[in-house]
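Below: the structure, in structure tokens.
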Amino acid sequence: MGINLTQNNRFFRKINKIIGQTIYDYHLIETGDKILIGLSGGKDSLTLADILAEKRKHLPVKFTLHACYVEMGSLGHKIDSEILKDFCEKRDITFIHKKVSPDFNLEPEKDKCFICSWHRRKTLFNTAREIEAKKLALGHHMDDIIETFLINFSFQGNISTMPVKLSLFDEDLFIIRPLAGVKEESIIKYAELKNMTIQKENCTYGATQSRQSMKPIIEDFIKLNPMFKESVFKALHNIKSDYLL
């Protein structure tokens, strides 16, 4: 029991150190920030909210936290927002519940996942504007960043991915990704150790996402190089433009 507790504490310190370094390196949080967290009920956004609430106690800068759950009513799948509200209240995070119902039939030629994502993002942007938040924190982690890079590289013909910090609307809003340096497996472990109630919308269209097709490809690369994820993440910081076309 004592050994497990020591190992768990060491794990939590490691995760907090990685995220703290990311916040410092990219200047993600500044004094007086009002931060809106995109909260879905999944392990990533819950972990993000939990860690930011903890960081608020120890970081020298003072900031406030809000969290927004966007319910996609037209999909017919919803999670228990009361669980999210209770989760936020226990961490002194202001909870906001928004509901949107896009008509997917209006643009049948467009990918359903794209339409859903667009409406979620638009609602988060509008909510940030309503509460005058300058930062929108999203729970994307290292695996998301690597998968996005591979998707853009393989299907879109460009070299790009999710930035750790992205300026929007003439710097009226910044998207920040404090979990960028953390691997998905660590987030799964974090959520389990914290006994988080994970909720997931069982979307009809989720299985069609190209992101899912990248996971087995990444696993094949890991068989060749166990440090594949770390190597790709480092490469995205080490672009040798003189040797590109």
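So, PHE174, is that one of a type outside the set (Lys, Arg), part of a helix (DSSP H, G or I) and buried (at least 16 other Cβ atoms within 10 Å of the Cβ) or not? Before you say what the answer is, go through the steps one by one.
Numbers: of a type outside the set (Lys, Arg): yes; part of a helix (DSSP H, G or I): no; buried (at least 16 other Cβ atoms within 10 Å of the Cβ): yes.
No, not satisfied.
Rundown of residues vs (1) surrounded by 12 or more Cβ atoms within 10 Å (Cβ to Cβ); (2) aromatic (Phe, Trp, Tyr), yes/no style:
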{"residue": "TRP118", "(1), (2)": "yes, yes"}
{"residue": "GLU132", "(1), (2)": "no, no"}
{"residue": "LEU138", "(1), (2)": "yes, no"}
{"residue": "ASP143", "(1), (2)": "yes, no"}
{"residue": "GLU147", "(1), (2)": "yes, no"}
{"residue": "LEU166", "(1), (2)": "yes, no"}
{"residue": "GLU184", "(1), (2)": "yes, no"}
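Residue check: is ILE187 under 24 Å from TYR26 (Cβ atoms) and in a helix (DSSP H, G or I)? Explain how you work it out, then say what you get.
Details: under 24 Å from TYR26 (Cβ atoms): yes; in a helix (DSSP H, G or I): yes.
For ILE187, the condition - under 24 Å from TYR26 (Cβ atoms) and in a helix (DSSP H, G or I) - is met.
The set of residues in the range 53-70 being among the β-branched types (Val, Ile, Thr) and touching a residue at least 40 places away in the same chain (Cβ under 8 Å) consists of VAL70 alone.
Give me a count of the residues in the range 56-85 that are touching a Phe, Trp or Tyr at 6+ places or on another chain (Cβ under 9 Å) and modelled with pLDDT of 95 or more.
First, pick out the residues of the range 56-85 that are touching a Phe, Trp or Tyr at 6+ places or on another chain (Cβ under 9 Å): 56, 66-69, 74-75, 79, 81, 84-85.
Checking the rest, the ones that are also modelled with pLDDT of 95 or more come to 56, 66-69, 84-85.
The total comes to 7.
Mind telling me which of the residues THR123, THR161 ends up being among the β-branched types (Val, Ile, Thr), modelled with pLDDT of 95 or more and assigned to a loop (DSSP other than H, G, I, E, B)? Walk me through it before giving the result.
Values: THR123 fails: assigned to a loop (DSSP other than H, G, I, E, B).
Of THR123, THR161, the one residue that is among the β-branched types (Val, Ile, Thr), modelled with pLDDT of 95 or more and assigned to a loop (DSSP other than H, G, I, E, B) is THR161.
For (1) on the phi < 0 side of the Ramachandran plot; (2) of a type outside the set (Asp, Glu); (3) at pLDDT 95 or above, each residue gets a yes or a no:
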| residue | (1), (2), (3) |
| --- | --- |
| GLU107 | yes, no, no |
| GLU132 | no, no, yes |
| GLN156 | yes, yes, no |
| PHE174 | yes, yes, yes |
| ALA180 | yes, yes, yes |
| TYR190 | yes, yes, yes |
| LEU193 | yes, yes, yes |
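Among the residues of the range 126-153, the ones that are under 17 Å from VAL164 (Cα atoms) and assigned to a helix (DSSP H, G or I) come to 10 in all. Of the residues contained in the range 55-69, one or more are found to be out of contact with any Leu (no Cβ under 8 Å at 6 or more places or on another chain) and closer than 24 Å to ILE145 by Cα.
Taking every residue in the range 24-44 that is touching a residue at least 12 places away in the same chain (Cβ under 8 Å) and at positive phi and pairing it with any residue that is among the β-branched types (Val, Ile, Thr) and not in a helix (DSSP H, G or I), at least 6 positions away or on another chain, the pairs with Cβ-Cβ distances below 9 Å are GLY32/VAL61; GLY32/THR64; GLY41/ILE79; GLY41/THR197; GLY41/ILE198.
The values are calculated or read from the model by the stated rules, or taken from the named source; none is laboratory data. Note that this is a predicted model, so its numbers are computed, not measured. Glycine also receives a Cβ, built like all others from the backbone with ideal geometry; neighbour counts cover every protein chain displayed.
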